[in-house]
Amino acid sequence: MSISLSFIPSLTLPQPPSLSRNATVPRRWFSSIRCGPRDNRGPLLKGRILSSEAIQSIQSLKRAHRTGSLSLSLPPLRRLLKADLLAVVRELLRQDHCTLAVHVLSTLRSEYPPLDLTLYADVVNALARNGEREEIDRLIGEMEGIEGGYEKDKALAKLIRAVMGAERREAAVRIYGMMREGGWGSESWEADEYVAEVLSKGLRRLGEEELAAHVASTLRSCCHSEKPIQKHLYWGNIISVIGLIKRAL
């Protein structure tokens, strides 16, 4: 039996709506949002992660500073690891809480010697940036009598540059006095040319011509003499330099 094709119903599919050129297409508007700090505080450095102990210490220091009981927060700071103390100091400096940073630095200095001159240079720069220049003299004065930490010429030069940039004559003279008492320019601690250049130029700019001349002569004696400096000549020179330093202070 055959089936005729005329009996098969035709299927009509719906036609898609035609788009005319005059048809209005709804537009979507996008607004740009900028996320950033609400103050002039710098961003966190890449890779810097504060531990929970460091964060709690920063919060407790701020609370104690607001209530005027800063000394009460010292015992828990002594239980922090060195890495946490360093992180606390740098974070406080980033937030321009210089007084709190100096407070933590004293704990770091007593608990984990020797001195970190690079960190001291950062503190000096922060104090100068916030107009607390007189605190720089007090900070450098607290370093007197502490042994060790001065032998790294790169860190020492950074500290000297920071002090000279803040134009603190007293602090600069004290640094040179500590260098001489530590043996700078002798057989045990040879004078570095770059350190001597930075120190000599800075002292001369601050009006200490005589001390600047001693720095230059010490460098010449160390670098251009064929024989090591004899001990009696070195100590005779340092006595005269210390006399100049005392008169300058």
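The values are calculated or read from the model by the stated rules, or taken from the named source; none is laboratory data. Quick caveat: nothing in here was measured; it's all calculated off a predicted structure. Note that each Cβ is placed from the backbone with ideal geometry, even for glycine, and that neighbours are counted across all protein chains shown.
Given the criterion assigned to a helix (DSSP H, G or I), assigned by TED's automatic domain parsing to the domain that holds VAL215 and either touching a helix residue (DSSP H, G or I) at 6+ places or on another chain (Cβ under 6 Å) or surrounded by fewer than 20 Cβ atoms within 10 Å (Cβ to Cβ) (or both), identify the matching residue among GLU151, GLU147, GLU170.
Of GLU151, GLU147, GLU170, the one residue that is assigned to a helix (DSSP H, G or I), assigned by TED's automatic domain parsing to the domain that holds VAL215 and either touching a helix residue (DSSP H, G or I) at 6+ places or on another chain (Cβ under 6 Å) or surrounded by fewer than 20 Cβ atoms within 10 Å (Cβ to Cβ) (or both) is GLU170.
Does the range 163-179 contain at least one residue that is in contact with an Asp or Glu (Cβ under 9 Å, 6 or more places away or on another chain), over 30 Å from ARG94 (Cα atoms) and modelled with pLDDT under 95?
Checked against the condition, which is being in contact with an Asp or Glu (Cβ under 9 Å, 6 or more places away or on another chain), over 30 Å from ARG94 (Cα atoms) and modelled with pLDDT under 95, the range 163-179 yields at least one hit.
Tell me yes or no: at least one residue of the range 196-219 is out of contact with any Asp or Glu (no Cβ under 6 Å at 6 or more places or on another chain), touching a residue at least 60 places away in the same chain (Cβ under 8 Å) and of a type outside the set (Val, Ile, Thr).
no
Could you tell me which of the residues GLU111, GLU142, GLU135, GLU147 is more than 24 Å from LEU61 (Cα to Cα) and touching a residue at least 24 places away in the same chain (Cβ under 8 Å)?
Criteria check complete, one pass: GLU147.
Sort out for me the helices (runs of 4 or more DSSP H) sitting completely within the range 33-142 that have 3 or more residues that are at pLDDT below 95 and among the hydroxyl-bearing types (Ser, Thr, Tyr).
Correct list: 52-67, 98-111.
Determine which member of the set ALA162, ALA155, ALA126, ALA166 is touching a Ser or Thr at 6+ places or on another chain (Cβ under 6 Å) and either charged (D, E, K, R) or at negative phi (or both).
ALA155
What residue, of THR118, THR99, is on the phi < 0 side of the Ramachandran plot, surrounded by fewer than 18 Cβ atoms within 10 Å (Cβ to Cβ), of a type in the set (Val, Ile, Thr) and over 10 Å from the mean Cα position of the chain (by Cα)?
THR99
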